[in-house]
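Chemist: Just passing along the structure, written as structure tokens.
Here, each number is a calculation from the coordinates, and none is a lab measurement. The model shown is predicted, which means the values in this text are computed figures rather than measured ones.
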Amino acid sequence: MTEERRSTGIYAYLDINFNSLISNIHNYKNKIGLLDNSRMKSDTQWVIDSMRVKTPGHRTQIGSLSGGNQQKVIIGRWLLTQPEILMLDEPTRGIDVGAKFEIYQLIAELAKKDKGIIIISSEMPEFVRDHRSYSGHEQWSRCRNCRNQNDNANEILRLASLHL
């Protein structure tokens, strides 16, 4: 997911349906090469429901949504590609506190489902303070979960930067 959501992450004048499916559009062709609209609508609804996007419907122009809801649509877009690892570049930049909390919750839910998640964030201390659950590579073959109150942001960042 790109850091510059508004300039390279979304197609602001197009709807949630298009923005949800564009990265995976080739998978929606039916046997005769036409797009399967019912499957497309179903997957867009999955993005709206699972990402908890606040919107009147799947045909709403994405540019009219809040920044947090735009971020959730983008995360949903990439989840539809069924990645093993999801890289999120500044996932909470420019969104309000409530939306940040929702994004953090979504990240935690994905981690619990064994998705690999790489977060690039200038707000890492905030993420660590609010979350207390960050996985950083201690060694290439082992992963450390920092769940202890004594694990501070500096220690977590140190662990995450080993082997760079």
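Chemist: Would you pull out the residues with amide H under 5 Å of D15's amide H, same chain only if 5 or more places away, H placed 1.01 Å from N?
Modeler: Hits under the 5 Å cutoff: I62.
Chemist: I've got another one for you. Report ³J(HN,Hα) in whole Hz for each residue of the range 65-81, in order, from the Karplus equation J = 6.51 cos²θ - 1.76 cosθ + 1.60 where θ = phi - 60°; Gly and Pro get x.
Modeler: 7, 5, x, x, 6, 4, 4, 5, 5, 5, 4, x, 4, 6, 5, 5, 7
Chemist: Which length gain, in nm to one decimal place, applies between Q45 and Y13 when the Cα-Cα distance is subtracted from 0.36 nm times their residue separation?
Modeler: Full-extension gain reported as 9.6 nm.
Chemist: Considering amide H positions built from the backbone, and no H for Pro or chain starts, which residues 5 or more places from L86, or on another chain, come under 5 Å of its amide H?
Modeler: Amide H neighbours of L86: G116, I117, I118.
Chemist: Using 0.36 nm per residue, how much length does the chain from V97 to K113 gain when fully extended, once their Cα-Cα distance is taken away?
Modeler: Extra length available between V97 and K113 comes to 3.3 nm.
Chemist: Something else: Karplus couplings for the range 29-43 from phi (6.51 cos²θ - 1.76 cosθ + 1.60, θ = phi - 60°), rounded to Hz, Gly and Pro as x?
Modeler: Running phi through 6.51 cos²θ - 1.76 cosθ + 1.60 with θ = phi - 60° gives 7, 8, 4, 9, x, 8, 6, 8, 4, 5, 5, 4, 5, 4, 5 Hz.
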